[in-house]
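The values are calculated or read from the model by the stated rules, or taken from the named source; none is laboratory data. As the structure is a computational prediction, the values presented were derived from the model and not from experiment. Note: ideal-geometry Cβ built from the backbone for every residue, glycine included; neighbour counts use all protein chains shown.
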Amino acid sequence: MIDRKYVGAVVAVAAVAGAGMMAFTTKNVSAAEAHRTAISTPVVEGMQVAQDAAAGATAFVRCRVCHTVERGEPNRVGPNLFGVFGRKAGEVAGFNYSAPMKSSNITWTEENLERYIKDPAGVVPGNKMQLAKGAINDKGADDIVAFLKTKM
């Protein structure tokens, strides 16, 4: 049993595979929550990357300037992203996509969406998304994808 007075001090919330290193936070979380986070870490390209929908909701704040995510919400500068997985790029009704996006022939999978979030111009050159390359790191992109998975 963990002494509650120490839970908020330093809690391990994720492990890096093979390195034996731990990421720590001063966030006051329960031992069970820290354990769930550490053991639910998927393996991506030989490394463990924790997909965290809650962190993705926070990271998505910068995306909300242009995108909505709830069913029936209107498009903004970018299309509504509700139900994005499995959808073909350029197919949200009422959104004026760029010609490169319409002709990209991309189906939004986790992998394609992560790549696009990290480097929109590299994935679809000439598209209208103005996010600068590198503005979102691998962890942020993974978390945003986890958050978008909750919007299906």
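Before moving on, here are some points about what is shown:
- Every residue from region 82-107 that is crowded, with 19+ Cβ neighbours inside 10 Å and among the hydrophobic types (A, V, I, L, M, F, W, C): 84, 89, 101
- Identification of helices (runs of 4 or more DSSP H) wholly contained in region 56-127 with 1 or more residues that are at pLDDT 95 or above and out of contact with any Lys or Arg (no Cβ under 9 Å at 6 or more places or on another chain) yields 99-102, 110-118.
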